[in-house]
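Notes to accompany the following structure.
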Amino acid sequence: MVPDWNALISLLPFFVILGVIGPILSIMVLMQLWYLLHRRRGRVRRVEEEPVSAPLDADGTPAFPPNAPFCEEHAVIYPAGARSCEIDRAELSVRCPIDQTTRPASQELCRVCGTRYVLGASRTGLTVRRSGRPPEGGAAVA
């Protein structure tokens, strides 16, 4: 009994694919899966801005920045979207950056110079809080 060599030679490309290229592709897929499961991913958490105390001038009066809502009675500066004081629920004030006049935070139009402002309209800034430490050996020595 003699095998049919022509039939075996015609099957040689299938043996090459199954025996050489198949394991290589399997190893590449497994390496990609291992990378996706074990890669380090940074996590960004949004941090809501909190009210802060106003800095004091040389004469001891609170200095409020322009275009930021503030409570003059409690000397607290609030985030751009705030409209009332958290302590006594009074309406916040805003200083105009053009002529330095004070207006209520609910008004979008400065009555003196006529400039229109919308507080918190462009909240593109993102405050990121760092959690944890850098990996061992990767931190720069100061």
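Since every read-out is calculated from the coordinates, none of them should be taken as a lab result. Remember, it's a predicted structure, so these values are computed and weren't measured experimentally. Quick reminder, even Gly has a Cβ in these numbers, built from the backbone with ideal geometry, and neighbours come from all protein chains shown.
Quick notes on this structure:
- Note on CYS113 and HIS74: the extension gain reaches 11.3 nm, defined as 0.36 nm multiplied by sequence separation minus the Cα-Cα distance.
- Subtracting the Cα-Cα distance of GLN100 and VAL16 from 0.36 nm times their residue separation leaves 22.2 nm of extension gain.
- Listed by Cβ neighbour count within 10 Å, with the fewest neighbours leading, ILE21, ILE77 appear as ILE21, ILE77.
- Fewest-first ordering of TYR117, TYR78 by other beta carbons within 10 Å of each residue's beta carbon gives TYR117, TYR78.
- Among MET1, MET31, the order by Cβ neighbours within 10 angstrom, fewest to most, reads MET1, MET31.
- Rounded to the nearest 0.05, the FRET efficiency derived from the C-beta distance between LEU30 and VAL2 at R0 = 35 Å is 0.25.
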